[in-house]
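Report on one structure; see the data block that follows.
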Amino acid sequence: MVFERYVEVGRVALVSCGPYKGKVCAIIDVIDQNRALVEGPSTKQGEEGVPRQAIRFKLLQLLPYKIKIAHTTRSKALKSAWDKESISTKWTTSIVCQKLDARKRRQLLTDFDRFKLMKTKQRRQRLIRLCMGPKPKDKANK
Amino acid sequence: MADEKVGRSRNKVLTKGVMRYGRAQMSRRRAVHKRKKTTTPRVEKKPVEFVEKQVNGEKNGGKRLVPVKRKPRFYPTEDRPKRLPNRKGPRKDRAAKLRTSITPGTVLILLAGHNKGKRVVFLKQLVSGLLLVTGPYRYNRVPLRRVDQTYVIATSTKIDITKVEIPEHLTDKFFKKVKLNKRNVKKKSDEIFGAQKESYVVNDERKEAQQKVDGQILTIIESIPSLKQYLRCRFSLDSKQYPHLMKF
């Protein structure tokens, strides 16, 4: 399989561990074999982005987005390049982001919420079964 | 301006546990030597040792000096170490501290006993520390009952029972277990003593109290969608559900 996502200046990555878990940032510079200098503007209103820092490559999951910046660009230029490619919108509408959000929401469900969810799923399933009609008899087992 | 200075300490905290001025310096700063001591002299009350009591009988002298506190009639051979007094008071007067997540109207999940898994409504904490809960009875067959908070999960679902009046007579004494003669009577000879196997019967007081409390709570529960079904359903864990990762 050919690699499509490379570690390069401007590659957008998802932070998978630590205090900025679930947040998205851009690789600004490569420090050494293990670490990159990253920074990420906030993608959602009210949520903080990833401040400029060194992060290990192992904690980054490369995404299929790239922005055009020079290495060690300042925060302001980074933000304008980020907005030009509309990375925030691309990320929040991506399936990966939505799945992560759904997982977080599921984790925060209370016992009552879980009960209501179970009942709603049951109701939905019953409606589906009604629409599908009765199961046809299996001719092979006759 | 004067009010701001009253009650303020003339001392400063340098760091945790260390003050700027020591005891002697503080006395000087507070001008303790200029203050007049106004104390009333302590009147020592001597304890009454003997009491005069009237004695019946002709030749008994009419009255006698009787000691108020009698000397003990038994002295142990060894001195047993005395338990240090607890300033908070005896254990029975100290109710267990209620978890902050448990407030009146919280839905609790019972974890032990015949009703384990049932979701009930918390009413109030009794003097003994136990929690007074009710099903309500109509939904999950849990009556007005006492429950220990250690055998309970507090959910974040709460109903507003500020307007609910819980009868005053529902105390620990009301719920105390009544001992029954449960032994099976087989021999005929036992019938002489009239011993019969007793089974528990709910008294009318309890039924009345149950109806009174539940009647108020049912209307509140029915106003919240799905809550009635929630209370009727028992709690259970599926595989891949870990309580320490779940939010209640």
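Where does the longest stretch of chain B lie that holds no GluC sites (Glu not before Pro) found in a DSSP loop with 14 or fewer other Cβ atoms within 10 Å? Looking at chain B, B:79-164 is the longest stretch - no exposed GluC sites (Glu not before Pro) with at most 14 other Cβ atoms within 10 Å.
Close amide-amide hydrogen proximity is noted between residue B:106 and B:122, B:159, each under 5 Å apart and 5 or more residues distant or on a separate chain (H modeled in the peptide plane; Pro and chain starts excluded).
Rolling a 1.4 angstrom probe over the protein heavy atoms with all chains in place gives segment A:32-100 an accessible area of 66 Å² per residue. Of the chymotrypsin sites (Phe, Trp or Tyr not before Pro) found in segment B:1-99, those in coil by DSSP whose Cβ has at most 12 other Cβ atoms within 10 Å are B:74. Taking the 1.4 Å solvent-accessible surface of the protein assembly as shown as the whole, the part contributed by carbon and sulfur is 53%. Is the shape of segment B:35-172 best called rounded, prolate or oblate, per the rule: a/c under 1.5 gives rounded, else a/b larger than b/c gives prolate, else oblate, with a ≥ b ≥ c the square roots of the Cα gyration tensor eigenvalues? Since a/c reaches 1.5 and a/b is larger than b/c, the shape of segment B:35-172 is classed as prolate. Remark: segment A:57-142 carries a charge dipole of roughly 500 debye about the Cα centre, counting +1 on each Lys and Arg Cβ and -1 on each Asp and Glu Cβ. In percent, rounded to a whole number, the relative contact order of chain A is 19, using alpha-carbon pairs under 8 Å and six or more apart.
On the principal axes of its alpha carbon atoms, chain B extends 80, 73, 41 Å, with the longest extent given first. Ignoring ligands, DNA and RNA, how much accessible area is buried between chains A and B, both sides summed, with a 1.4 Å probe, to the nearest 100 Å²? Interface area, both chains combined: 1000 Å², rounded to the nearest 100. Compactness ratio for segment B:101-163: Cα radius of gyration over 2.2 N^0.38 Å (N = residue count) comes to 0.98. For the protein assembly as shown, the percent of C-alpha pairs falling in each 20 Å distance bin, counted from 0 to the bin holding the largest distance, reads 15, 23, 34, 19, 7, 2, 0. Net charge near residue A:50, counting Lys/Arg +1 and Asp/Glu -1 over other residues with Cβ under 15 Å of its Cβ? Combined, the nearby Lys, Arg, Asp and Glu give +4.
Straight Cα distances below 19 angstrom link residue B:179 to the aspartates and glutamates B:198, B:204, B:205, with same-chain residues fewer than 8 positions distant left out. Here the 3J(HN,Hα) profile of segment B:94-102, calculated from phi with Karplus coefficients 6.51, -1.76 and 1.60 at θ = phi - 60°, is 10, 6, 4, 5, 6, 4, 5, 6, 9 Hz, Gly and Pro shown as x.
For residue B:152, the accessible area of its heavy atoms, probed at 1.4 Å with every protein chain present, is near 10 square angstrom. Pairs exceeding a 21 Å alpha-carbon distance, out of B:97/B:240; A:119/B:163; B:45/B:69: B:97/B:240; A:119/B:163. In order along segment B:37-46, phi translates into HN-Hα couplings of 7, 10, 10, 7, x, 6, 8, 7, 9, 7 Hz, rounded to whole numbers, per the Karplus curve 6.51 cos²θ - 1.76 cosθ + 1.60 with θ = phi - 60° and x for Gly and Pro. When shorter helices are ignored and each DSSP H run of at least 4 residues is given -39500 (n - 2.57), the per-residue value for the protein assembly as shown at 222 nm works out to -7000 deg cm²/dmol. Label reach from residue A:54 (point 7 Å along Cα→C-beta): in segment A:12-47, amide nitrogens under 13 Å belong to A:29-38. Accessible area of residue A:108 (1.4 Å probe, protein heavy atoms only, ligands and nucleic acids ignored): about 100 Å².
Pairwise Cα distances in segment B:1-87 exceed 19 Å for 76 percent of all pairs. For segment B:193-248 and segment B:1-53, compute the distance between their C-alpha centroids and round to whole Å. A separation of 56 Å, based on Cα centres. With all protein chains in place and ligands, DNA and RNA left out, the 1.4 Å accessible area ranks A:32, B:172, A:111, B:79 as B:79, A:32, B:172, A:111, largest first. In order along segment A:114-128, phi translates into HN-Hα couplings of 5, 5, 4, 5, 4, 5, 5, 4, 4, 4, 4, 5, 5, 4, 4 Hz, rounded to whole numbers, per the Karplus curve 6.51 cos²θ - 1.76 cosθ + 1.60 with θ = phi - 60° and x for Gly and Pro. Here is the size of segment A:1-136 from its Cα atoms: Rg then Dmax, 20.1, 66 Å.
The order of A:20, A:6, B:137 by accessible area, most exposed first and with a 1.4 Å probe, is A:6, B:137, A:20.
The trypsin sites (Lys or Arg not before Pro) found in segment A:21-61 that occupy coil by DSSP, while having at most 12 further C-beta atoms within 10 Å, are A:21.
The values are calculated or read from the model by the stated rules, or taken from the named source; none is laboratory data. Since we're looking at a predicted model, the values are computed, not measured. Heads up, the Cβs are rebuilt from the backbone with ideal geometry, glycines too, and the neighbour counts pull from every protein chain shown. Note: accessible area is taken over every heavy atom of the protein model, side chains too, but ligands, DNA and RNA are not part of it. Shrake-Rupley method; radii C 1.70, N 1.55, O 1.52, S 1.80 Å.
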